[in-house]
Amino acid sequence: MPELHDIANEFIRQEIDEFIERPDERARIIGLFAKASEQMQAIAAALIDGDHETVDRLTAEAIAAGVHAMEVMDDGLIAGMAIVGIKFRQNFIFVPEVLSCARAMKAGMVHIEPILSAAGIEKLGKVIMGTVKGDLHDIGKNLCIMMLRGAGFEVIDLGVDTSQDRFIDAIEEHGANILGMSALLTTTMPNMGKTIEAFIDAGLRDDIRIMVGGAPVTQDFADEMGADGYGKDALACVSLAKQFAGKA
Ligand code: B12
C-alpha cells in the first residue's frame, strides 16, 4: 500500500498529514497522489493553494509537453479538489477559499476543454445538461459536458440553478432526447426527482432518457426517483449517454 513518503510534493504531503484525518480517506488520497507524476502533484498543490495563475501556467505547460488531458484532469485538477473538499467539510477552510480553488480549477479546465471537446465527426445525439434548482456547483457538470462533446455529443448547457420549466423548455426547444442533471447538495438532490415528475406531468417522460450525477447522488437514489441512469463521474456520464443514444 502506498505511504505518505511515496508522494514527492512536500506541500501535498503536509496537506494530507495536517488535514486528512479519516484513515479510509487518507489511504484513498495517498493512493491518488502516489500514482500521480510530480508535474500533476504540482498542479494539484497550486489548486489547493487557490493559485489560479500557477494552475493556468502549469496546466498549459503539461498539455504543451504532451501530457494527456485526462491525466491532467484526474491526477492534477480532480485530485487537488478532493483535498479541498475534505478541508471544506472539516471546516479547515471556508467558502472564500473554496471559491479561489474553484477559480484555479476553471483556469486549468480552460486548457483541457479544447482537447476533450474536440468535435467528433459523427454527432451521436443531443444532450441537455444543467445543475438543478438551488444549486450553484458547476465544475463537475462542466467536466461531464467537455467529455460528452469530446465523445461527439451536441450539448446544450443550461448552467446552474435550473428550474424544472427550464429543463422542459430546453428539451422541447432543442428536440433533445437525453437529459443530464447534476446536484452537489443533499438539499437540492430532491429537485432532480421533482423535475422527473414535471416531465411526467407534461406528458414528455417517455420521450427522453434521464441521467443524474453529482457527489451525493447514488444509484439507489437515482432508482428511487425514477431516473434512467446514474453516473459516478464524467466517463460514466459519457457511457450512459452513448447507451441512451444506442451507440454503446
Ligand atoms: C467547489 C465547491 C463549492 C464552490 C462551487 C464552485 C463551482 N463553480 O462549482 C462554492 C464555494 C460556490 C460552493 C458553495 C457551497 N457549497 Co460547496 N463544495 C464544493 C466542493 C469543495 C467541490 C465540488 C467540486 O467541484 N468537485 C469536483 C467535481 C469534479 O466533482 P463533482 O462535482 O462531484 O462531479 C463529478 C461527479 O459527481 C460526476 N457528475 C457531476 N454531475 C453529473 C451529472 C451527471 C448527469 C452525471 C452522469 C455525472 C455527474 O462527474 C463529475 C466529474 O467526474 C464540494 C466538496 C465535495 N466533496 O464535492 C463542496 C460541497 C458540495 N459544498 C457544500 C456546501 C454545504 C456548500 C454551501 C451550502 C456552503 C455555504 N455555507 O454557503 C454552498 C452552496 C451554494 C449553492 N447554493 O450551491 C457541501 C454539501 C454538503 C451536503 N451534504 O449537501 C460539500 C459536499 C462540502 C462539504 N461540506 O463537505 N461549494
When we measure straight from the Cα of Lys242, which lysines land under 16 angstrom away, once same-chain ones fewer than 8 places off are left out?
-> Lys123, Lys126, Lys232
Over the chain, the sum of -39500 (n - 2.57) across DSSP H runs of at least four, divided by residue number and rounded to 500 deg cm²/dmol, gives at 222 nm -16500 deg cm²/dmol
Loop sites in segment 7-42: chymotrypsin sites (Phe, Trp or Tyr not before Pro), DSSP, at most 10 other Cβ within 10 Å | none
Can you list which of the GluC sites (Glu not before Pro) found in segment 3-78 are DSSP loop residues with at most 14 other C-beta atoms within 10 Å?
-> Glu3, Glu21
Hey, what do the phi angles of segment 35-45 turn into as Karplus ³J(HN,Hα) couplings, whole Hz, using 6.51/-1.76/1.60 and θ = phi - 60°, x for Gly and Pro?
-> 8, 8, 5, 4, 5, 5, 4, 5, 5, 4, 4
Answer rounded, prolate or oblate for segment 4-116, using the Cα gyration tensor with square roots of eigenvalues a ≥ b ≥ c: rounded when a/c is under 1.5, else prolate when a/b is larger than b/c, else oblate.
-> oblate
Excluding Glu61 itself, calculate the net charge of residues whose Cβ lies under 14 Å from the Cβ of Glu61, where each Lys or Arg counts +1 and each Asp or Glu counts -1.
-> -3
Dipole of the chain (Lys/Arg Cβ +1, Asp/Glu Cβ -1, origin at the Cα centre): which of Ala82, Leu158, His137 lies farthest to the positive side?
-> Leu158
How much length is gained if the chain between Ala34 and Phe88 is pulled fully straight, taking 0.36 nm per residue apart and subtracting their Cα-Cα distance, in nm to one decimal?
-> 17.2 nm
For a label point 7 Å from the Cα of Asp6 along Cα→C-beta, name the residues of segment 22-56 whose backbone N is under 17 Å from it.
-> 23-41
Which whole-Hz ³J(HN,Hα) couplings does segment 89-105 yield from phi under the Karplus relation 6.51 cos²θ - 1.76 cosθ + 1.60, θ = phi - 60°, glycine and proline marked x?
-> 4, 8, 6, 7, 9, 10, 3, x, 5, 5, 4, 4, 5, 5, 5, 5, 4
Anisotropy class of segment 125-244 from Cα gyration tensor, a/c 1.5 cut = rounded
What Cys residues in the chain are without a partner cysteine, judged by a Cβ distance under 4.7 Å?
-> Cys101
Going by C-beta contacts inside 10 Å, put Val155, Val132 in order with the fewest on the left.
-> Val155, Val132
Plugging the Cβ-Cβ distance of Ser239 and Lys123 into 1/(1 + (r/R0)^6) at R0 = 25 Å yields, to the nearest 0.05, a FRET efficiency of 0.90
Between segment 133-166 and segment 190-248, how many Å separate their Cα centres?
-> 13 Å
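Rule-based calculations on the coordinates, nothing more; no lab input. What you see is a predicted model, and the numbers here were worked out from it, not measured in a lab. Every residue, glycine as well, gets a Cβ built from its backbone with ideal geometry; the counts of neighbours run over all protein chains shown.
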